[in-house]
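To start, the structure under review is shown below, and the notes come after it.
The values are calculated or read from the model by the stated rules, or taken from the named source; none is laboratory data. Fair warning: this is a prediction, and the values are worked out from it, not measured in the lab. Neighbour counts are summed over all protein chains in view; Cβ atoms, including those assigned to glycine, are modelled from backbone coordinates with ideal geometry.
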Amino acid sequence: MVSPVLIRFEEVTLAYDGVPAVEHASLDVPAGAFVGVLGPNGSGKSTLLRGILGLLTPSRGRIFVGDLCCHELAKVRLEIGYVPQSSHVDPHFPARVLDVVLMGLYPGLGLLRRPGRPHRAKAMECLEAVGMADLARRPIGHLSGGQRQRVSIARALVRDPKILLLDEPYSGLDVQSQCSVMELIANTHEQRGLTTLMVTHDVNLVLPHLDLVLALNRRVFAYGPPNEALVKETLEAMYGAAIHVHEAHGRPFVIAGDTHGG
């Protein structure tokens, strides 16, 4: 059975002050798909997510999320969980872990309402799901980078979204934390039946979990199953550098730069 299309780009150009960041992008994201968005720095990956969120309106073309398009996309923002790029947290920032997760509910509560007991219970449920319930009362600034990313994921999930957007969710983390966060994201995607788009530099870490790969550098260089999208010639054209794609354990591994035999 073919899944219905949940997100659609039709010849989309997204620009800042008239300067295109993404040009002529067309793609369909089926409901329930896990999509990895791959490309060099400045290639428009984060801009693509901003377009889905309705934070940036196309200068050309149309973006659909469900039946809503372009200027209407703000209406579906409550159905989207968003994990932005990790940023430094001031260790003196006066917010507890639970408070940070509750912030994910504020857009739906309105300006004058405060979270009540059901909201706190929901936030604790999400912290439990990401293995952070024991630290709910700890100041957010006292957590490690990997722990903060788990809290960010809990905040994105607290509204029970249909779509999860992640922008370099394990950037700056050590290898063990990267693997732990990636496992959490993959399990969350599967258990909740989400449609997930994840921007990443390290395609090898996320690759075993992907249904589709979007290779993007202002324009779409490839979009499809990993074995079709991760082709040496395509990746070299996108990155403008030597790329090696090796097959191992039934899947491709991408290596950038020159390689030399022993």
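Given the options 66, 61, name the one that is small (Gly, Ala, Ser), crowded, with 16+ Cβ neighbours inside 10 Å, more than 21 Å from residue 188 (Cα to Cα) and more than 20 Å from the chain's Cα centre (by Cα). When all the criteria are applied, what remains is 61. Criterion applied to 100, 76, 2, 12 was being surrounded by 15 or more Cβ atoms within 10 Å (Cβ to Cβ) and outside any helix (DSSP H, G or I), and the one residue passing it is 12. When the stretch 79-97 is limited to residues that are among the small types (Gly, Ala, Ser) and surrounded by fewer than 18 Cβ atoms within 10 Å (Cβ to Cβ), the one that is modelled with the highest pLDDT turns out to be 95. Taking the stretch 59-73 as the region of interest, how many residues are at pLDDT below 95 and not in a loop (DSSP other than H, G, I, E, B)? Result for the stretch 59-73: 6. Right, residue 181: crowded, with 19+ Cβ neighbours inside 10 Å and closer than 16 Å to residue 40 by Cα or not? Spelling it out, it is not the case that residue 181 is crowded, with 19+ Cβ neighbours inside 10 Å and closer than 16 Å to residue 40 by Cα.
Test residue 56 against the criterion of being in a loop (DSSP other than H, G, I, E, B), farther than 20 Å from residue 194 by Cα and of a type in the set (A, V, I, L, M), and give yes or no. Judged against the criteria, residue 56 is a match.
For the stretch 221-242, a residue qualifies if it is closer than 16 Å to residue 33 by Cβ and in contact with a Leu (Cβ under 9 Å, 6 or more places away or on another chain), and the qualifying residues are 222, 223, 224, 225, 226, 229.
Taken over the stretch 15-40, residues that are charged (D, E, K, R) and part of a strand (DSSP E or B) amount to 2.
Out of all the residues in the stretch 187-206, which are over 14 Å from the mean Cα position of the chain (by Cα) and in contact (Cβ under 8 Å) with a residue 60 or more places away in the chain? Hit for the stretch 187-206 is 193, nothing else. Pairs are defined by a Cβ separation below 6 Å, a sequence spacing of at least 6 or placement on different chains, a first member in the stretch 1-22 that is closer than 18 Å to residue 73 by Cβ, and a second member that is polar (S, T, N, Q) and not in a strand (DSSP E or B); the pairs so defined are 13/59; 14/47; 15/59; 21/47; 22/47. Among the residues making up the stretch 187-200, those that are out of contact with any Phe, Trp or Tyr (no Cβ under 6 Å at 6 or more places or on another chain), at pLDDT 95 or above and either of a type in the set (Ser, Thr, Tyr) or buried (at least 17 other Cβ atoms within 10 Å of the Cβ) (or both) are 188, 194, 195, 197, 198, 199. Search the stretch 243-257 for residues that are assigned to a strand (DSSP E or B) and pair each with any residue that is modelled with pLDDT of 70 or more and among the polar types (S, T, N, Q) when their beta-carbon atoms are under 7 Å apart and the residues are at least 6 apart or on different chains. So the pair list comes out as 252/227; 253/204; 254/204.
On the given criteria, is residue 167 of a type outside the set (A, V, I, L, M), touching a Pro at 6+ places or on another chain (Cβ under 8 Å) and surrounded by fewer than 22 Cβ atoms within 10 Å (Cβ to Cβ)? Yes: the conditions hold for residue 167. Within the stretch 210-225, the only residue that satisfies the criterion of being of a type in the set (Val, Ile, Thr) and touching a Ser or Thr at 6+ places or on another chain (Cβ under 9 Å) is 220. Take residue 216 and decide whether it is in contact with a helix residue (DSSP H, G or I) (Cβ under 9 Å, 6 or more places away or on another chain), more than 16 Å from residue 153 (Cα to Cα) and not in a helix (DSSP H, G or I). The answer is yes for residue 216.
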